[in-house]
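Quick note: the coordinates plus some simple rules give every number you see, no bench work behind them. From a predicted model like this one, the values you see are computed outputs, not experimental measurements. Here the Cβ positions follow ideal geometry from the backbone for every residue, glycine too, while neighbour counts run over all protein chains shown.
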Amino acid sequence: MNTKNNKKPLHLQAEEAIKEMIASPEFQNGKLLPNELELAKSLNISRNTLRQAINKLVFEGLLCRKKGYGTWAVKKTVTSGVKNWMSFSQEMQQLGIKVKNYELHVSTEVPAESVLAFFGKDSSTEQYCLKLERVRGDMDAPFVVFISWFNPAINMDGDDNFSKPLYELLENKYGVIVNTSIEEISARLAGKQIGSKLRISENDPILIRKRFVYDINMVPIEYNIGYYKADSFTYTITAER
């Protein structure tokens with residue numbers, strides 16, 4: 001990989017190189033990628049930069065990784081995406097809904113391995129991240145529980161006013177401009193903890209919306225999970241041919 005005359009960040013260059021690699025028939029047929037040491041050497045980058053690129057491609061659904069086995073390409077499929085995404089506050093503003101925070105908790109904790117992997121951090125060392133938990137809804141009742149983890153590189157202050165729009169805070173105070181959100185939608189029963197916060201039965205259905213948020217340079221910023229009352233959330237996809 002020639003990095004001398006390329007002004008893109010190294011991890012983005014690595015992502016592009018790996019995408020080209022896994023598009024070949026041999027990798028589409030299940031061949032494992034070279035191990036980290038070999039691949040980092042062939043791309044002329046550090047292993048940390050390589051891990052950041054691989055983590056991003058795993059979350060995009062282009063790579064699969066299994067500890068003790070290796071990393072391989074996901075076979076190409078037809079997928080549908082959504083553009084022009086909005087923050088929760090913007091979504092509610094567009095719908096004319098006044099948002100109320102029923103709970104708001106800020107802490108600094110060591111997150112799960114999947115969260116650290118998203119931020120490109122090694123789970124073998126203790127790494128603390130800012131965690132924001134909010135129960136939000138309209139003026140009548142709560143309808144979503146949000147749990148957000150933030151990249152520790154931002155060094156966010158736990159005393160910030162998180163009742164204000166989050167992405168405005170990130171931009172105005174920390175100079176972080178969010179630009180891309182990759183989302184996953186799934187469903188399950190509420191369970192006792194989420195059911196209690198949403199004031200529904202533990203056997204009522206909820207929708208889970210994961211957001212992997214990046215800035216304008218595709219640096220991971222926020223790992224967000226929203227637990228919605230099933231009757232409060234409709235996901236619309238517009239596809240153009």
Matching label for the computed mean projected area of the Cα convex hull in nm², out of [x] 14.3; [y] 13.6; [z] 15.7, is [z]
Give the peptides 108-114, 58-64, 222-228 in descending order of average Cβ contacts within 10 Å, highest first.
222-228, 58-64, 108-114
Could you sort out which of LYS121/LYS164; LYS173/LYS197; LYS66/LYS210 sit more than 25 Å apart by Cα distance in this structure?
LYS121/LYS164; LYS173/LYS197
Working from the pairwise distances between different alpha carbons, so that the mean of 1/r is found and then inverted, what is segment 10-73's Kirkwood radius in Å?
11.6
Taking θ = phi - 60°, what integer Hz values does the Karplus form 6.51 cos²θ - 1.76 cosθ + 1.60 yield along segment 135-148, in sequence order, with x for Gly and Pro?
10, 10, x, 8, 6, 8, 6, x, 9, 8, 10, 10, 10, 10
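Restricting to Cα pairs below 8 Å that are 6+ residues apart, what does the relative contact order work out to for the chain? Please round to a whole percent.
14
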Neighbours of MET92 by Cβ distance under 12 Å: Lys/Arg at +1, Asp/Glu at -1, summed charge +1
Could you sort 45-51, 178-184 so that the peptide with the highest average Cβ count within 10 Å comes first and the rest follow in order?
45-51, 178-184
Just flag the chymotrypsin sites (Phe, Trp or Tyr not before Pro) in segment 113-197 sitting in loop per DSSP whose Cβ has no more than 16 other Cβ atoms within 10 Å.
TYR128
Summing Lys, Arg as +1 and Asp, Glu as -1, what charge do residues with Cβ under 14 Å from the Cβ of TYR228 carry, TYR228 excluded?
+3
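Restricting to DSSP H runs of at least four residues, report the calculated mean residue ellipticity at 222 nm for the chain, -39500 (n - 2.57) per run over all residues, nearest 500 deg cm²/dmol.
Helices in the chain give a 222 nm mean residue ellipticity of -8000 deg cm²/dmol.
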Suppose each label sits 7 Å from its Cα in the direction of the beta carbon; what would the ASP157-SER114 distance come out to in nanometres?
3.3
If I take every Cα pair under 8 Å that is 6 or more residues apart in segment 10-73, average their sequence separation and divide by the length, what percent do I get for the relative contact order?
41
